[in-house]
Amino acid sequence: MAPVRPLEAGVYVQELSNGPTLAFKDMAMQLLGNLLEYELARRHEELNILGATSGDTGSAAEYAMRGKKGVRVFMMSPHGRMSAFQQAQMFSLQDDNIHNIAIEGVFDDCQDILKAVSRDPEFKRRFKIGAVNSINWGRLVAQVVYYFYGYFQVTEDSSTHVDFTVPSGNFGNICAGHVARMMGLPIARLVIATNENDVLDEFFRTGVYRVRGRADTHETSSPSMDISKASNLERFVFDMLGRDAVRTRSLFDDQLRERGSFDLGGDPAFVEVATRFGFRSGSSTHADRLATIRDTWRRHDTLIDPHTADGVKVARMHAVPETPMVVLETALPIKFAGTIKEALGREPDRPQRFIGIEDLPKRFKVLPADAQTVKNYVAEIVLVPAE
Ligand SMILES: *Cc1c(COP(=O)(O)O)cnc(C)c1O
């Protein structure tokens, strides 16, 4: 279910975060878990998902795969660096097929280990290693559906156009909106909201795509949008360039690798980004998030999380009176209680089922930030199942 509720004149919020981990990623991941279990059984195969997370993705993957036959999850997270709530969500899972690996390091160390493993095809083949990251097409396709459902809820007939604003990081969620629009859904504008990590905002304003280094990636209060490059952008650029695969590849494989950026600002196709494809963008700051959370709480009695606040702030920059604007709610406020407290002076109410979650017994393995050690740990479990 993804109900739309009104916020203020012409602006709506679509609830996508009522799944088990309270973030929109559940919507696609829950489907993927069932599809994987079905298909693996049909092929008599198994799959070991190796991932790295700083929060939302890892818990959504674990809650989607827990108890699924033929699938194991090995999820690396930076030891002691997630919020207590996020850590408890993941580490309290007692399912045999879920393996939490707390890496002694930061998120980037987890990602480096993942990259090291993906450069070892022999290990991947032998231990049937796979991923469910944000470029997974199964996830993207599943997200297309709620744009249609949102559209139907705010319109009477199909002559009306609707705008959507999407708090964005890896360009996965909004790419699904682009697909919905290409399928014929009457979307007028697709608005990208970023935080201080404004790689996407910069691209959609100027045509310059400049991936950031580690030192230039900010740690913000909407952490699930803290990205240095947007993994799914290539999919849109391909469409923008008239589906020219050779040119798309030369931009992403050659120019990006060599120079860390490319510039399509002068390209005739770039004009169409706003016209034919309807994209707009904007970014927000920590102060904007606090102000937006406070404002929607005081004026509309609605509590939103910091990521959704990025969306509401940028939606207000682009909303036009005659077109309904739907902001996608990407997480619930309880996941980011610290920022809510900073904005309102009090923590959000906790849903019943999460009360005391931090006190549940935890299941995790602490390992050093070393790819070989992680590989050995995975190999041990895959070859000698505990059951
Ligand atoms: C993953 C996530 C995002 C960003 O979504 P993308 O598909 O990567 O653009 C935004 N908000 C929250 C809460 C998320 O978990």
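The values are calculated or read from the model by the stated rules, or taken from the named source; none is laboratory data. Note that the structure is predicted; figures quoted are calculated from it, not measured. Using ideal geometry, Cβ is built from the backbone for each residue, glycine included, and neighbour counts are taken over all protein chains shown.
All but one of (1) part of a loop (DSSP other than H, G, I, E, B); (2) charged (D, E, K, R); (3) surrounded by 14 or more Cβ atoms within 10 Å (Cβ to Cβ); (4) in contact with a Lys or Arg (Cβ under 8 Å, 6 or more places away or on another chain) hold for residue 347; state the number of the condition that does not hold. Failed condition: (3). Checked against (1) closer than 24 Å to residue 335 by Cβ; (2) more than 16 Å from the ligand (Cβ to nearest atom); (3) charged (D, E, K, R), residue 139 passes all but condition (2).
Please verify whether residue 77 is of a type in the set (S, T, N, Q), surrounded by 22 or more Cβ atoms within 10 Å (Cβ to Cβ) and in the same structural domain as residue 114 (by TED's automatic domain parsing), treating the condition exactly as stated.
yes
Every residue, every condition in (1) within 13 Å of the ligand (Cβ to nearest atom); (2) in a helix (DSSP H, G or I); (3) among the small types (Gly, Ala, Ser), yes or no:
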| position | (1), (2), (3) |
| --- | --- |
| 192 | yes, no, no |
| 197 | yes, no, no |
| 202 | no, yes, no |
| 209 | no, no, no |
| 215 | no, yes, yes |
| 219 | no, no, no |
| 224 | yes, yes, yes |
| 228 | yes, no, yes |
| 234 | no, yes, no |
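The residue that is farthest from residue 324 (Cα to Cα), counting only those in the stretch 153-180 that are away from the ligand (no atom under 16 Å from the Cβ) and touching a residue at least 60 places away in the same chain (Cβ under 8 Å), is 153. Among residues of the stretch 129-152 that are modelled with pLDDT of 95 or more, those with a Cβ under 8 angstrom from a residue that is in a loop (DSSP other than H, G, I, E, B) and away from the ligand (no atom under 13 Å from the Cβ), sequence gap 6+ or separate chain, pair up as 144/183; 146/2; 147/185; 148/185; 149/2; 150/2; 151/185; 151/186.
Do you know which residues across the stretch 25-57 are in a loop (DSSP other than H, G, I, E, B) and under 26 Å from residue 115 (Cβ atoms)?
45, 46, 53, 54, 55 - these are the residues of the stretch 25-57 that are in a loop (DSSP other than H, G, I, E, B) and under 26 Å from residue 115 (Cβ atoms).
Of all the residues in the stretch 254-272, those that are of a type in the set (A, V, I, L, M, F, W, C) and closer than 21 Å to residue 197 by Cα number 3.
Yes/no matrix, rows are residues, columns are (1) away from the ligand (no atom under 16 Å from the Cβ); (2) over 29 Å from residue 383 (Cβ atoms); (3) modelled with pLDDT of 95 or more:
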{"site": "6", "(1), (2), (3)": "yes, yes, yes"}
{"site": "11", "(1), (2), (3)": "yes, yes, yes"}
{"site": "32", "(1), (2), (3)": "no, no, yes"}
{"site": "54", "(1), (2), (3)": "no, yes, no"}
{"site": "64", "(1), (2), (3)": "no, no, yes"}
{"site": "81", "(1), (2), (3)": "yes, yes, no"}
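Quick one: which of 208, 191, 154 is farther than 30 Å from residue 378 by Cβ and surrounded by 24 or more Cβ atoms within 10 Å (Cβ to Cβ)? 191 is the lone residue from the list that is farther than 30 Å from residue 378 by Cβ and surrounded by 24 or more Cβ atoms within 10 Å (Cβ to Cβ).
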